[in-house]
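Undergrad: Structure incoming, see below.
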Amino acid sequence: MNFDLTPEQDQLRDAVRALGRRYGHSYFVGKAKSGGHTTELWDEAGRLGYLGVNVPTEYGGGGGGLTELAIVCEELAAAGCPLLLLVVSPAIAATVINRHGTEEQRKRFLPGFADGSLKVVFAITEPEAGSNFHRLGTVARRDGDDWLLSGRKCYISGVDEAQYVLVVARTEDATTGKLKPALFVVPTDATGLTRSRLDMEIVSPENQFLLYLDDVRLPADALVGGSLDAGLPALFAGLNPERITVAAMGVGTGRYAIERATDYTATRRVWGGRSIGAHQGVAHPLAHAAVQVELARLMIYKAATLYDAGRDLEAGVSGNMAKYTAGEAAALAVDTAVQALGGAGMTTEYGVATLLGAVRAGRIAPVSREMILNFVAQHVLGQEKSY
Ligand SMILES: Cc1cc2nc3c(=O)[nH]c(=O)nc-3n(C[C@H](O)[C@H](O)[C@H](O)COP(=O)(O)OP(=O)(O)OC[C@H]3O[C@@H](n4cnc5c(N)ncnc54)[C@H](O)[C@@H]3O)c2cc1C
């Protein structure tokens, strides 16, 4: 058993940390509040190769694994820049295309993922289906060689920043008549694809959208993997990267909040000469949150290591547990930090309450804590499926 990062991973961590700190949380919040995007940070991270760490070298990437991508997500979040698009574009979309795309799709898309010039967002959630993807109502119909996509998606992040959206639809298997999932790479400016921005209570430069697909016409090569049999494995291929990187973002956010709070509590003095951090009522909740964050972090790197070793099923269990613990730990850490800072905790200047919405959302999305507990109850504890 080895809990150490390799020297290369350590170097990556230090380099990403330095980049994140050059931008910092005030940059992130400034973009969010002015309706901007973190384009400069994204582009620089792309140029430095951090967004393509998990893309194979033959397509211009770093040739690393999910562990490296988790390091990037964690360190940017620990610098106060939790970039949700890291989860949807390099983690989900690049993995799906790398593992299940055709060679032509790999050649076309992976170089853009490698340098960050390509952003592909991910659309599975629908208003009626919610957590139950078996009820997806977005359908793909054949029209000659083309496909026609129709349906509705909700809460889709980053559509305004992306060139493509990876849409999960369903289509009829000609032999069995059964509906099967199928993934399509849809240009965000395709005719028939419209969007409206949702007002969310999250301070983030990344926005969520309702998407309407009205007979969006796509060429045959928009189907990921080029075959209907590729749909289900392609969909599952995105799950572990999604859970593990979103967990890494949560842990990074938790670390950031605890650091802000402990810097403050170590120096703030309101009762004579002692700092408020000397009071156990202030220090213990922070110490408790730090323990929870570190536990989540261990589970993330266990899951990423299993995933990079090709042990997908075990990574699925650990990845779900990592996502659950990281979601809870991040929410706890931010809330505890706000409390420890008192009034300052609620100001924009101290940069902690600005994360309340994001960490709260992390207990719901991309998979809710309840759905993870369902998974663990069923697959780890052997309980009957409840739904
Ligand atoms: C900030 C943000 C960004 C997002 N970005 C994206 C994106 O980019 N792409 C995308 O496709 N989606 C995205 N989503 C959607 C997200 O994945 C869903 O909100 C999430 O999966 C939950 O689905 P739902 O909102 O329909 O909740 P519902 O399925 O309606 O569930 C509501 C509540 O009931 C609980 N529940 C439902 N079924 C069960 C059950 N069987 N047992 C126990 N509890 C249950 C849920 O846990 C939840 O608490 C985003 C959401 C947010 C908030």
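The values are calculated or read from the model by the stated rules, or taken from the named source; none is laboratory data. Predicted, not measured: the structure shown is a model, and the values here were computed from it. Glycine also receives a Cβ, built like all others from the backbone with ideal geometry; neighbour counts cover every protein chain displayed. Protein only, heavy atoms only, side chains kept; ligands, DNA and RNA dropped before computing areas. Shrake-Rupley method; radii C 1.70, N 1.55, O 1.52, S 1.80 Å.
Undergrad: Look at Val185 and say whether it is in contact with a strand residue (DSSP E or B) (Cβ under 7 Å, 6 or more places away or on another chain), away from the ligand (no atom under 11 Å from the Cβ) and not polar (S, T, N, Q).
TA: So Val185 fits the description; yes.
Undergrad: Listed residues Gly36, Gly46; which is farther than 24 Å from Thr95 by Cα and at pLDDT 95 or above?
TA: Gly36
Undergrad: Given the condition open to solvent by less than 10 Å² (accessible area, probe 1.4 Å) and either at pLDDT below 95 or part of a strand (DSSP E or B) (or both), answer yes or no: does some residue in the stretch 102-120 qualify?
TA: Checking the stretch 102-120: at least one residue is open to solvent by less than 10 Å² (accessible area, probe 1.4 Å) and either at pLDDT below 95 or part of a strand (DSSP E or B) (or both).
Undergrad: So which of Ala315, Ala234 ends up being open to solvent by less than 20 Å² (accessible area, probe 1.4 Å), within 19 Å of Pro90 (Cα to Cα), in contact with a helix residue (DSSP H, G or I) (Cβ under 7 Å, 6 or more places away or on another chain) and modelled with pLDDT under 95?
TA: Matching residue, one of Ala315, Ala234: Ala234.
Undergrad: Considering the stretch 90-128 alone, what residues qualify as being within 13 Å of the ligand (Cβ to nearest atom) and over 21 Å from the mean Cα position of the chain (by Cα)?
TA: Of everything in the stretch 90-128, just one residue is within 13 Å of the ligand (Cβ to nearest atom) and over 21 Å from the mean Cα position of the chain (by Cα), namely Glu128.
Undergrad: Could I ask something else about it? Can you name the number of the only condition in (1) more than 10 Å from the ligand (Cβ to nearest atom); (2) open to solvent by less than 40 Å² (accessible area, probe 1.4 Å) that Leu85 fails?
TA: All conditions pass for Leu85, except number (1).
Undergrad: Name the residue that is least open to solvent (accessible area, probe 1.4 Å), counting only residues in the stretch 263-276 that are assigned to a helix (DSSP H, G or I) and free of Cβ contacts under 8 Å to residues at least 60 places away in the same chain.
TA: Ala266
Undergrad: When the stretch 356-387 is examined, which residues are found to be small (Gly, Ala, Ser), surrounded by 14 or more Cβ atoms within 10 Å (Cβ to Cβ) and within 9 Å of the ligand (Cβ to nearest atom)?
TA: Gly357, Ala358, Ala361, Gly362, Ala365, Ser368
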